[in-house]
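Q: So that we are looking at the same thing, I have put the structure below in structure tokens.
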Amino acid sequence: MSTLDAMTARPDDAGNAARDVAGFVGATSFETTRLLAPDLVAVKDLGGGSVYVSAIPGHPADEQIAVAAALRAHGVEPIPHIAVREFASAQALGAHLARLVEQASVGRALVIAGDRAEPAGPFRAAIELIESGLLQDCGILDIGIAGYPDGHPRIAPLDLDRALAAKIEAASQTGLRIHIVTQFTFAAEPILGWLTRLRDLGIDHPVRIGFAGPTTLAGLLRFARICGVKTSALALARNAGLAKTMFSLTTPDRLIRPLAEACANGRFGDVTPHLYSFGGLAATIRWATAVAAGRIELDRSGGFSVTPP
């Protein structure tokens, strides 16, 4: 819905849009790197769902296992990132997978190359783990792979397409189910264009669209630089309507609303949100829970705000 449409929408149209947003956000998955005491309370209150656990370069693998085990103990499914370049050997990677399964009952994982410039061992690309059989040997038969609606800072678009297709084919040949998890972006148009192209190519796998959860603008820009996402303060203000002051709280409402409306008729198949908890997992869960409960008020800028309970 355009800004003009939002300004002139009839009450029944606004009601449909609000229901689309609530239903869309109700299927959200989350992502975190650590767990604080408030996060564990929020996770327990979430009552299910899934939380992806990032792999932090240079940090001990035990930290990820501990976070995954705590999430499982609090009633949600942990989905760890497996950054293949971090492992010194196939044996070390296999042992990490086995411990995740044993200690956190992990059944799904997000397989990525990782940010390490030079691999610590024999694995350089995600597809090498997919083809290795290590995942299947541990009983992990459902994996996520990375998608980049806004492109990648070091990989050409055509190479991204080829890599995505190759990983999907390799997973199919080795008995793995696939879903795609995207990097976060700051404009709805590239996401919709990418989804259209994906489906036109016959790639009909489930897609989790990445959004930055509630955080400060300063924090958002910092994480964008870390993750290699192309953005600027001006782009944030123009494309996502996020910028107020460097210390105000930003939310992805102006991105989520058009995506929710575009996906409501099933045109893009299985598409759900994925919230990166840059402002803390507890705050991200509280915001998403309120939106999913329908506690929102649509605004004229094409977004929405959360209303008090």
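Here's the yes/no breakdown for (1) of a type in the set (A, V, I, L, M, F, W, C); (2) modelled with pLDDT of 80 or more; (3) surrounded by fewer than 23 Cβ atoms within 10 Å (Cβ to Cβ):
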residue	(1), (2), (3)
Ala212	yes, yes, no
Ala235	yes, no, yes
Ala240	yes, no, no
Val291	yes, yes, no
Gly294	no, yes, yes
Arg300	no, yes, yes
Pro309	no, yes, yes
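Q: I'd like to know if region 146-159 contains one or more residues that are under 20 Å from Tyr52 (Cβ atoms), among the hydrophobic types (A, V, I, L, M, F, W, C) and either at pLDDT below 85 or surrounded by 13 or more Cβ atoms within 10 Å (Cβ to Cβ) (or both).
A: Initially, region 146-159 is screened for residues under 20 Å from Tyr52 (Cβ atoms), giving 146-150, 152.
Those still in the list that are among the hydrophobic types (A, V, I, L, M, F, W, C) too: 146.
Among the residues that remain, those that are also either at pLDDT below 85 or surrounded by 13 or more Cβ atoms within 10 Å (Cβ to Cβ) (or both) are: 146.
For region 146-159, residues under 20 Å from Tyr52 (Cβ atoms), among the hydrophobic types (A, V, I, L, M, F, W, C) and either at pLDDT below 85 or surrounded by 13 or more Cβ atoms within 10 Å (Cβ to Cβ) (or both): present.
Q: Kindly evaluate Val53 against the criterion of being at pLDDT 95 or above, over 25 Å from Arg257 (Cβ atoms) and not charged (D, E, K, R). Working first, answer last.
A: Details: at pLDDT 95 or above: yes; over 25 Å from Arg257 (Cβ atoms): yes; not charged (D, E, K, R): yes.
Yes: the conditions hold for Val53.
Q: Please go through region 71-117 and pick out each residue that is farther than 16 Å from Ile140 by Cα, aliphatic (A, V, I, L, M) and surrounded by 18 or more Cβ atoms within 10 Å (Cβ to Cβ).
A: Leu71, Val76, Ala113
Q: Please specify each residue of region 16-32 satisfying the condition of being surrounded by fewer than 18 Cβ atoms within 10 Å (Cβ to Cβ) and either more than 18 Å from Val291 (Cβ to Cβ) or in contact with a Ser or Thr (Cβ under 8 Å, 6 or more places away or on another chain) (or both).
A: In the first step, residues of region 16-32 are kept if they are surrounded by fewer than 18 Cβ atoms within 10 Å (Cβ to Cβ); the result is 16, 19, 23, 26-27.
Ala27, the sole residue that qualifies.
Q: Given the condition assigned to a helix (DSSP H, G or I) and more than 20 Å from the chain's Cα centre (by Cα), answer yes or no: does some residue in region 105-118 qualify? Reasoning before the result, please.
A: So in region 105-118, the residues assigned to a helix (DSSP H, G or I) come out as none.
No, because not a single residue in region 105-118 is assigned to a helix (DSSP H, G or I) and more than 20 Å from the chain's Cα centre (by Cα).
Q: May I ask you to list the residues in region 74-92 that are under 16 Å from the mean Cα position of the chain (by Cα) and under 18 Å from Pro57 (Cβ atoms)?
A: Pro80, His81, Ile82, Ala83
Condition check ((1) over 17 Å from Ser277 (Cα atoms); (2) of a type in the set (A, V, I, L, M, F, W, C); (3) out of contact with any helix residue (DSSP H, G or I) (no Cβ under 8 Å at 6 or more places or on another chain); (4) modelled with pLDDT under 95) across all residues:
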| residue | (1), (2), (3), (4) |
| --- | --- |
| Asp45 | no, no, no, yes |
| Leu71 | no, yes, no, no |
| Val76 | no, yes, no, no |
| Val84 | yes, yes, no, no |
| Ser89 | yes, no, yes, no |
| Leu97 | yes, yes, no, no |
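The values are calculated or read from the model by the stated rules, or taken from the named source; none is laboratory data. Predicted model only: the values in this text are computed from it and were never measured. Ideal geometry is used to build each Cβ from the backbone, glycine not excepted, and the neighbour counts take in all protein chains shown.
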